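Accompanying notes for the structure given below.
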Amino acid sequence: MRKTASPADTARSQPPLDVDTLWRLRRVGALSLSPDGRHAVCSVARHDMDSNRGSAALWLLPTDRTAARRLTTCGDKDGQPAWSPRGDSIGFVARREWRGQKDKSPQFYSLPATGGEAVRRSDFAPGIEAFKWLPDGRGIVFSAWVWPGLKPAAQAAAHKAHEERKDSGYATSEAFYRSWDRNLPQGRVLHLFLMDLSSGRVTDLFEGTTLELPRQGGGNELFDVHPGGRYLAFQHDPAAVQVLGQPTVVSEMHLRTRALTRLAGRKGWDIGSPRYAPDGERVALIASHVEMHHGAPAQLAVLKRGQPFKPAALPAPGWDHEVNGPLQWAADGQSLLFTAEDRGRCPLWRCRLADGTVEQLVAGGWVQGFDLAADTLVTVADAHSHPARVQAIRADGTGEPLRLETFNDDVLARARLGAVQEVQFSGAEGDTVQMWLTYPPTFQTRRKHPVLHVIHGGPHAAAGDTFSYRWNPHVLASQGHVVAQVNYHGSSGFGFEFKRSLTGRQGELELQDIEAATDWLLAQPWADPRRVFATGGSYGGFLVAWMNGHVAPGRYRAYVCHAGVFDRIATFSADSYPVRPKDLAARFWEDMPRVLAQSPHAFARQMHTPTLVIHGAQDFRVPDCNGLAYFNTLKARGVDARLLWFPDENHWVLKPRNSRQWYAEFLAWLKRHDLPSRRAAPALAPPSVYKPQSS
């Protein structure tokens, strides 16, 4: 009789997660819930390695857990879905083919909630960035990059002339002229428009003013429409000269008269993300006391229209977290929902306005988005063990959550993931520091395993209980490394004092934390002290370059530096140049020694460890002069180095084929500098909190 394979045998025979499997996973994006709470709609992206491109479609997910179905099939990148107020249609932004012609810019489409073909409702040449429905469903408010001073009808001609120009030079006198990976459109700013859907008429709400939305962009959390449909609240920088990092305010416009009122503005405060209460008399905001510190935590604020803004203790004093937008009111107007990081996780929280108390509605993992309607709450959340999933629960957070889709279950079932463990150790200044460990699926406590630090960027970000596509720890652990992710001083989600501790001394406390983590790791019986590696991206790349000049050779076998800061002075070419001196507590022309003391390039003479340097030419956050100078410096010093440079990527690597090359180079570099593994002496049991994957 033939023996049937057991689940344990099947699990052991499955290969580890690799980059090709990673790119076969579907990625859940924006989410919207119907007014009656019975259906959710979300965008779902999928990528094709052969064509080297991605596409996104809309899916309908009934909240009673009946079968999900795909709504759109003709579009290329359908996104930003939002139910109409009456629940009879779904609006979204897309670039599609309409009546035989392809859209040259994103347009507003809608389709019946019952199904059918999508209809293009806009024909606005500059394209639509983000939108919100008017409460009566007869129109939308949308944002777009336009030439100020030109009426909507003239924008098309100006846009056509700009697209057909033969010169390619970028000329500007603006202080804020590029962001992330693109030069801001020459001469254009971000305006808000009103569009009547029956006539197609478009009105520039900022025409004749100097108003503009923040140039770094953002979605529809920058503005909101009053429940009565007569007013519009929006975030903007009131300064005459736009510069990244300046405090913003919130103003309100009467849509018929265009009369403008300042809703919330206070010296030393950065205020934004307005959201009207259901009664229309109050507005929820996110406010940061940037005069106290430029990285002050964002907190809730609620004001009554017509009354001056007064910073209030919301949530209650002692709740040392940072509120993320967008905000969402409960139906009764007595509480607000939002996400906020908490020690390597990002739960969904509810703040009761009566007393400022805060409670978690959805805990664990990382909530990427949510929506609330009727008595239903839907969330998009991922975790170490799975990519983003959609779930529904009762609006009060009670009851068992219902999974609404199975987009990635089949693909994940064919890949074996290692266990994940959360540990704590004593770091810089005696503070407790968190570290995540991702074990390879082949982990054995009686064998020696190489150790791989994967250092997060920011620095005001965190390694968390989340599923990463850019630096997936399971893929990075697939060659047998135990992946360590340290939430060093400066990481978000651990309180304000922990976050701001780096100001003016970047590199100091973080290095102490990483070195303490390495000591902790090497004390484990399964860690091979000869095979320790350190890698990082963005600020993590800065820390890797910093380590190369501050850690004795031999401690780490090799480094990988992705998009890392190497030269603090050259990095003044970044889009974020107005903010960086605040992090360093110095401008280089005023206090060069202090800036150099926080710049890896000043310690190049001590750099000896082999390094793979990776950078993208379209990276405006950390311009590629950093990566090229770091690589050149290592080569000139005779240090083993390799360069992977992408002419068509930004701070991240987003194209499927480029990502495959990135992972291949990354893993090959580790393998090249690895040593043969060796069996350990009989080992102690792993830490009690570590639970190997069941087999």
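The values are calculated or read from the model by the stated rules, or taken from the named source; none is laboratory data. This one's a predicted model, so the numbers in the text were calculated from it and none came from an experiment. Here the Cβ is made from the backbone with ideal geometry for all residues, glycine too, and neighbour counts use every protein chain on show. Please note that ligands, DNA and RNA were not included when accessible areas were found on the heavy atoms of the full protein model with its side chains. Shrake-Rupley method; radii C 1.70, N 1.55, O 1.52, S 1.80 Å.
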Exercise for the section: Using a cut-off of 9 Å between beta-carbons, work out the net charge of the residues near A298 (Lys and Arg +1, Asp and Glu -1, A298 not included). Expected result: -2
Problem - Cα-based Kirkwood hydrodynamic radius, the stretch 421-541, one decimal, Å - result: 14.5
Completion exercise
With the 1.4 Å probe rolled over protein heavy atoms, the chain has an accessible area per residue in Å² of 43
Problem - Estimated distance in nm for a label pair at T442 and T114, the labels positioned 7 Å out from Cα along Cα-to-Cβ - result: 5.8
Exercise for the section: Could you tell me the accessible area of F92 in Å² (1.4 Å probe, neighbours in place), rounded to the nearest ten? Expected result: 0
Practice task
With the Cα gyration tensor of the chain in hand, give its eigenvalues times 5 under a square root as the equivalent ellipsoid semi-axes, listed largest first in whole angstrom.
Solution key: 41, 31, 26
Exercise for the section: In whole Å, largest first, what are the principal axis extents of the Cα atoms in the stretch 357-484? Expected result: 54, 43, 26
Handout entry: Estimated vicinal HN-Hα couplings, Hz - the stretch 321-333 in sequence order (Karplus 6.51, -1.76, 1.60; Gly, Pro = x)
Key = 10, 10, 6, 9, x, x, 8, 9, 7, 5, 4, 7, x
Fill in the blank from the handout: So the angle from the long Cα axis of helix 656-672 to the longest Cα principal axis of the chain, reported in degrees to the nearest 10, equals 20
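Based on DSSP loop calls and a cut-off of at most 10 other Cβ atoms within 10 Å, the longest stretch of the chain free of exposed trypsin sites (Lys or Arg not before Pro) is what? List each step's numbers first, then the result.
Working: sites that count: R2, K3, R99, R165, K166, R256, K267, R678.
The longest uninterrupted stretch comes out as 268-677.
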Completion exercise
Taking Lys and Arg as +1 and Asp and Glu as -1, residues besides L670 with C-beta under 11 Å from its C-beta add up to +2
Problem - Karplus-derived 3J(HN,Hα), 6.51/-1.76/1.60, for each residue of the stretch 221-237, Hz, glycine and proline x - result: 6, 6, 8, 8, 9, 4, x, x, x, 9, 10, 9, 9, 8, 9, 7, 9
Fill in the blank from the handout: A 1.4 Å probe over the protein heavy atoms gives the stretch 9-131 a carbon and sulfur accessible-area percentage of 43
Handout entry: Amide H partners (placed H, <5 Å) of R447, local residues excluded
Key = A680
Handout entry: Radius 11 Å from Cβ of P656, net charge of other residues (Lys, Arg +1; Asp, Glu -1)
Key = +3
Problem - With Cα atoms, 0 to 90° folded angle of helix 508-522 axis to the chain main axis - result: 50
Practice task
Relative to the longest principal axis of the C-alpha atoms of the chain, give the angle of the C-alpha long axis of helix 625-636, reported between 0 and 90° and rounded to the nearest 10°.
Solution key: 20
Problem - Rg and Dmax of the stretch 414-486, Cα atoms only, in Å - result: 12.9, 45
